[in-house]
Structure formats: structure tokens, C-alpha cells
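Structure first, commentary second.
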Amino acid sequence: MSAAPLSAENRLYDYVPITQRNPVAWPGGARVAVYVGLNIEHFHVDKPSTSIWEGTAHLQPDPLNYGWRDYGNRVGIWRLIDIFDRHGVRPSVLLNSEAAVRYPQIVTAGLERGWAWLAHGRTNSQLHAGFETREKEREELAGIVDAIRRATGRQPKGWMGPGLTETFDTPELLRELGLSYVLDWTADDQPFRLNVPGMLSVPYSVELNDISMFVARSFTGPAFYQAVVDHFDQLYADAAGSGRVMALALHPFVIGQPSRAKYLDKALAYIAGHPGVWLTTSDAIAEAYLAQSP
């Protein structure tokens, strides 16, 4: 009987348990660095994507699901902006390059408020996968980064793929294009170095993600609020000896709905009301970590 083939090894990063690391210190002695990962996305009208009801997802067009998603850029984002302004939150915007071109009013609002801008693929109707060659992927990434740079006037420092997707070449290609961190590997509560010189992984969350919570698991608004509070409380306790990161992953077409937005407002008030909280951006978290971990 032949031996089973060996599976591929994860060579992107090493295993270092959180109990065996040097302490992480945040500015001002903060215990928890908190950032909002705000997904600003463009969807194609003739392709399926994130859906609230799969029954029509195969149709072209699919007014039910496409309209639900489109609500975020037309209405939901503006409701969220009021909430972010109220709590002094500057989101880290996970920006499709097509969204950067199609929704300039959102970009303008973010520039006025000093938001951070991350590359988030071309469109969330297409995963970052299936490239024939490394050079084809490099061309795609270069086009995405250039479009975001032109739209925002800022060179993106971070990346999150549509659906948190990468190839084995993506981190190295991003580094060649001037980026310094990714959010796709949701493996930790602290930043950690990748085995690509100059590249970090910064924590993101699929657990504390409004799509996972409201759409996949049918959370109510109060259940969302309680989950955010519980998540924060645990990280705050864990951070007694070494700083932690809390990422709140949001989509305007989900949390921006009228029945849900007030629970985000309430959750941010709870977090901001604690001492030792650094309300910041993923860019600043990566920079602070690099400064103490040369």
C-alpha cells in the first residue's frame, strides 16, 4: 500500500504561540488597538456574489440581491459615516479598485476625514485567484494599486483580497508594489511577520464580521452588540501583559441597514468608553508594530 501524498506546508509564516513572544506595546500604553475594516465594494450586475437569498442568485439580473448590496453605497455608508464621526473612528477602507472609480463621493468623504485606504481587489464579484502565470497576477495587482492611488492620491499600504483570497505569490508581489501588510490570514490577535521580507499580517476577523453574523448566522441587532462586547472584553483582559488587536469587519449593505446601525453605534460607544483603547487604523497598527519589532 503506497503512502498518502504529503500535503503542502504553509511556508508563509512560522508557528509562534502567543505565550512565547515579546510583549507588544501600543501608543499611550493602550491595551487594545481597535480598527474598523470598512468594505467599500463594487459588484457586477450580471454576476452572483454575496446574497441574502440564494434563490435568485443565479439570475441575470438579480434585482433582489444586487439591490440589497447596492444599498450600501447609496444609503448605508452615509448612515455609518455619521456614527464613525460621532465616535472619532477613522475606518480602514477595504476598497475595490472599481469602487474607487465608480463612487467618488465616498472617496471624497473619506479623504476629508483622513481614512486609511487598502487595496481590496478589483471587484467583489471576482475572487483573487485563477491566474495563469505569476506575471498575469502582477499585472492585475499593479492595475488595482494604481487605480486606488489615482483615485485617493494615496499609495495603499495594506491588502485584503475579495473574500480574503490570495495566491501563493500574492504577498511577495504586493511587497514589490510597495505594500507592507495583508489582512487575509485571520490567524492571530497580534500582528506577525510573514516569511516575505518587509511584509506583515495584521489581524482581521471572520468571526466579528457583519456578513458572517447577520447573513450566515442570523444574528439580531442585540446579539451583534453582545458579541462585539464579549469579544472586546476578552481581548481587553488578555492584553494585561501584551497588546492585542480588535478588528471590526463591516459592510455598509449589512450593518448600514436601518434596523442594525444603532447597535454599531452602541457597540462603538462601549469600546470608546474604556481607558486603554487605541481607536486607530490598520496602517497605524502595522507601523507601530514594525517600530518595535525591527
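Where a number appears in this text, it was derived from the coordinates with a stated rule and is not lab data. The structure displayed is predicted, hence computed values, not measured ones.
At-a-glance table
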| quantity | calculated |
| --- | --- |
| Of all DSSP beta bridges in the chain, antiparallel share, percent nearest 5 | 10 |
| Segment 1-62: radius of gyration and largest Cα-Cα distance (Dmax), Å | 22.6, 61 |
| Kyte-Doolittle mean at least 1.6, axial Cα span of 18 Å or more - DSSP H helices of the chain | none |
| Alpha-carbon radius of gyration plus Dmax, which is the widest Cα pair, for segment 113-230 in Å | 15.7, 47 |
| Radius ratio Rg over Rh of segment 153-294, counting only Cα atoms, Kirkwood formula for Rh | 0.98 |
| Calculated over the chain: convex hull of Cα atoms, volume per residue (Å³) | 166 |
| Share of Cα-Cα pairs in segment 55-100 lying beyond 15 Å, as whole percent | 60 |
| Over segment 173-212, equivalent-ellipsoid semi-axes from the Cα gyration tensor in Å | 22, 11, 6 |
